[in-house]
Amino acid sequence: MAEANQFWALNDTIGMTDEPQAEISLSEPVRLEVANNTSFPHAMHLHGMHFHEIAGDGTLGPLRDTILSFGGQTCEIAFVAHNPGDWLFHCHMLSHATSGMMTWLRVA
Ligand SMILES: [Cu+2]
């Protein structure tokens, strides 16, 4: 895979797959843990819906479509899947996205 310039993974999967990483019911509340097991920061971007970061005390941060995930840290985001469709979830550092750090979710 590295020879094909594919070396970043999300949820142990490199790049886009035929099937979504998650199938979410329309209007379902979602909590998504984002564990960054690398040494690099990644700007994780969700298409189709905005989300809140859940702080350590459980409060919700501002509405966002991208969160900066720092190396070795875990954060959690929450959203309501109000928008039906197939939505990309990827690192916004496009060199990372094109080398594997890109997946998709289905809301139906
Ligand atoms: Cu990245």
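Structure notes:
- The C-beta contact set for segment 39-54 (first residue at pLDDT 95 or above, second residue away from the ligand (no atom under 16 Å from the Cβ) and part of a loop (DSSP other than H, G, I, E, B), distance under 6 angstrom, 6+ apart or interchain) comprises GLY48/ASN83; MET49/ASN83.
- GLU53 vs. criteria more than 14 Å from the ligand (Cβ to nearest atom) and surrounded by fewer than 17 Cβ atoms within 10 Å (Cβ to Cβ): no
- In segment 16-50, the residue that is farthest from the ligand (Cβ to nearest atom) out of those that are within 14 Å of TRP104 (Cβ to Cβ), open to solvent by less than 30 Å² (accessible area, probe 1.4 Å) and under 11 Å from the mean Cα position of the chain (by Cα) is LEU46.
- The residues on offer are GLY72, GLY61, and the sole one that is without any contact (Cβ under 8 Å) to a residue 24 or more places away in the chain and either crowded, with 17+ Cβ neighbours inside 10 Å or more than 12 Å from the ligand (Cβ to nearest atom) (or both) is GLY61.
- Residues that are away from the ligand (no atom under 16 Å from the Cβ), in contact with a strand residue (DSSP E or B) (Cβ under 7 Å, 6 or more places away or on another chain) and of a type outside the set (S, T, N, Q), drawn from segment 78-99: ALA78, PHE79, VAL80, ALA81, PRO84, GLY85, ASP86, TRP87
- Selection of segment 1-13 for residues being open to solvent by less than 100 Å² (accessible area, probe 1.4 Å) and closer than 14 Å to PHE89 by Cβ yields TRP8, ALA9, LEU10, THR13.
- Only a single criterion out of (1) within 14 Å of the ligand (Cβ to nearest atom); (2) modelled with pLDDT under 95; (3) hydroxyl-bearing (Ser, Thr, Tyr) is not satisfied by THR13, namely (1).
The values are calculated or read from the model by the stated rules, or taken from the named source; none is laboratory data. The structure displayed is predicted, hence computed values, not measured ones. Counting neighbours? That spans all protein chains shown, and the Cβs are built from the backbone with ideal geometry, glycine included. These area figures cover heavy atoms from the full protein model, side chains too; ligands, DNA and RNA do not enter into them. Shrake-Rupley method; radii C 1.70, N 1.55, O 1.52, S 1.80 Å.
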